[in-house]
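Presented below is the structure to which this report refers.
Just so it is clear, none of the values below were taken in a lab; they were calculated from the coordinates. These numbers come from a predicted model, not from an experiment. With ideal geometry, Cβ positions are generated from the backbone for all residues, glycine too; neighbour counts draw on all protein chains shown.
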Amino acid sequence: MSLATDLLAALGARGWSLGVAESLTGGLVSAALVDVPGASAVLRGAVVAYATDLKGTLLDVDRDLLVARGAVDPDVARAMALGVRTRLGADVGLATTGVAGPDPQDGHPPGTVHVAVATPDGTHVRSLDLAGPRASVRAQTVDAVLALGVEFVAERGESRPWDLP
């Protein structure tokens, strides 16, 4: 089974819906989910907020945070997950932000990625340093955010030491 299938099954088992907020993945997360037959029973929608200002406008990410730290930040990922959850009326929000490359962004090298999940039980962020060309960084990010979702949806948000702020 794929991570997308696992996540959709875990969400369905809980009766939870899903919203997705994407930046560097540009729709790849939602595409992976809709490739699974029956995804519409769980997936409410997705927002691709590629431009930094859209993270504030569409996902309610604090504009002061975006100005101070830029879009490539763990707190931005957290806010995106919470924002998409609220905006789309979903039980769970997933978010991706980072630098796919080939060039650095806001002083961050390619492969700097933050993924987040917001569930009724809490919000969790994972920061990653991924290697490889642009397409590989994006694909690894999709896997990482889906795996994070599976972990916290299936386990109802039990905190782990490495997920604490």
Practice task
Kindly check whether there is at least one residue in region 19-30 that is farther than 19 Å from L148 by Cα and not basic (K, R).
Solution key: no
Practice task
Test L58 against the stated conditions and say whether it is on the phi < 0 side of the Ramachandran plot, in a helix (DSSP H, G or I), touching a helix residue (DSSP H, G or I) at 6+ places or on another chain (Cβ under 8 Å) and of a type outside the set (S, T, N, Q).
Solution key: yes
